[in-house]
Amino acid sequence: MSMTQSSTRPHLRATLLLACLAQFMVILDVSVVNVALPSIGAGLHFSEVDLQWVVNAYTVTFAGFMLLGGRAADLIGRRRVFVAGLALFTLASLAGGFADSRALMLAARVAQGLGGAVIAPASLSILTTTYPEGRERSRAVGIWGAMGGAGGATGVILGGLLTELSWRWIFFVNVPIGVAGALLALRFITADARGGSTDRQGFDLAGALSATLGLSLVVLGIVRTDQTGWGAGSTLVIIAVGLALLGAFLAIEGRFAGRPLMPLRVWSSKTLRAANAVVLALGAASFSMWFFLSLYLQEVRRDSPIATGLAFLPMTASIVVASTLASRLVHRFGARTPLIAGMTALGAGLVLFTQLPVGGSFWVSMLGPSLLAAIGIGLAFTPAAIAGVSGVPAHEAGLASGLINTSRMFGGALGLAVLATLAASHTNAEAHAGVAARMALTDGFHLAFLIAAGLSLGGALLALALPRTSTAARAADSAPVALEA
């Protein structure tokens, strides 16, 4: 390649690597703290009730600010927003590692969530505008999906390994990665033409605030039911205010905003609607699965943090392989078929988890269901992401990718809050009835796995709404392509 070409053409491999690395890092931070929670609680004197907010402060903020992050990438500039998000995430990670109080830890997790909400949609929109639509883009998004899927599983592995050193290292490990990523992004990711003053003046601040606060309050209200119950007045008020703000957001976008954050016409796409509905179910099922499996291994089986992390290693490998395979399947069959297969496999694995014993061998009782569920996650997320951004104009790629990531995180936060409440209630009821503690805990997990399986299989049915990709359309992109430097 000549010097002129290299200076004018995007660095495809470097762009893909940086987008995947960033996506991996922010999704990893959803789950990396799970294994370290007991150590963080002891070190910073969290009560058992308050400890959940080390996870939820990140998840709630991530879900609530995702739309804002995706739209900011379109209006301000994708590379600029991507680098700013990496910088914020890195500084927040450093603060979390040095945190010496509960308040500083929670503030750091909120800031991490804000950084992640900017990075995730920006990374996908960078890929969808850098790679032409077709096989080349499908391959890139497939690899990106593999990194996002693997991040959830790897977070538990790294959490176990790093906690043996110190829980602080689960935060410090992000710092060199974030610094290197930001510097390399400025070097290799092509700057887009967005970011002029007219774009900023047209930013829909009212829509951004109402959507962010509305989503955050709904998730916050659901999460609080662990302590307050569903009928508590304070919980109902928080959820009602959140829903009212979401209603205001729809009114702003449909009637009042000159340049809306989320133009309601985007939902006229049947493909986008179906893809986001499936991702909502996928997030609810998969996030809950990681959470309850981690608790099962440590609280029921009494495994150490390292043993718990290593137990997820086969799942991580399966997600990476399945996600990579999924992009090829999308090119050949369209998104619909692999997405249905993935959601069905995840549901089947979750059903098998309802048979997990109090004791027994990991290799006999857990390995098979784990691999089946992991393959399902890998097969499902990549086609959903591809479907969610296919056919979207370049200037709205950040919006489309933000919607996909919002659906995944919102589904995860909502699903985990609901299932954790139901599982805890079932466990408490059995404990009061005289069932042994570990058996009661396991039965609560079984209920959560069963409901998660229903959500996953429901997602498979929703995927039927996706249009079939014609053979002719697939053949048009059948020539092999290679990523360029």
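Throughout, read-outs are computed from the coordinates displayed, never taken from laboratory work. Just so it is clear, the model here is predicted, and its values are computed rather than measured. Please note: Cβ atoms are built from the backbone with ideal geometry, for glycine as well, and neighbour counts cover all protein chains shown.
Data for the structure
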{"quantity": "For the stretch 204-260, fraction of C-alpha pairs farther apart than 13 Å, in %", "calculated": "57 percent"}
{"quantity": "When the convex hull of its Cα atoms is projected in every direction, mean area for the stretch 25-148 (nm²)", "calculated": "7.7 nm²"}
{"quantity": "Size descriptor, Kirkwood hydrodynamic radius, that averages inverse alpha-carbon separations across the stretch 80-137, Å", "calculated": "12.5 Å"}
{"quantity": "Potential extension, E164-F256 segment - 0.36 nm per residue separation minus Cα distance", "calculated": "27.7 nm"}
{"quantity": "Förster radius 22 Å - calculated FRET efficiency between V435 and L367 (Cβ-Cβ, nearest 0.05)", "calculated": "0.25"}
{"quantity": "Added length on full extension, which subtracts the Cα-Cα distance from 0.36 nm per residue, L183 to A317", "calculated": "45.3 nm"}
{"quantity": "Mean Cα-pair separation over length for the chain, i.e. relative contact order, pairs under 8 Å, 6 or more apart, %", "calculated": "24 percent"}
{"quantity": "For the stretch 265-322, the fraction of alpha-carbon pairs in successive 10 Å shells from zero, as %", "calculated": "19, 34, 25, 14, 7, 0"}
{"quantity": "Label-point gap, in nm, between R13 and W230 - each point 7 angstrom along Cα→Cβ", "calculated": "5.4 nm"}
{"quantity": "Net charge of Cβ neighbours under 12 Å - reference A185; Lys, Arg +1; Asp, Glu -1", "calculated": "+4"}
{"quantity": "Ratio Rg/Rh, restricted to the chain and using Cα atoms, in which Rh is the Kirkwood radius", "calculated": "0.96"}
{"quantity": "Kyte-Doolittle at least 1.6, axis length at least 24 Å by Cα - qualifying DSSP helices, the chain", "calculated": "12-31, 233-251, 367-389"}
{"quantity": "Most to least packed among 285-291, 382-388, 255-261, 215-221 [average Cβ atoms within 10 Å]", "calculated": "382-388, 285-291, 215-221, 255-261"}
{"quantity": "Theoretical gain in end-to-end length, D50 to R332 [0.36 nm per residue, Cα-Cα removed]", "calculated": "96.7 nm"}
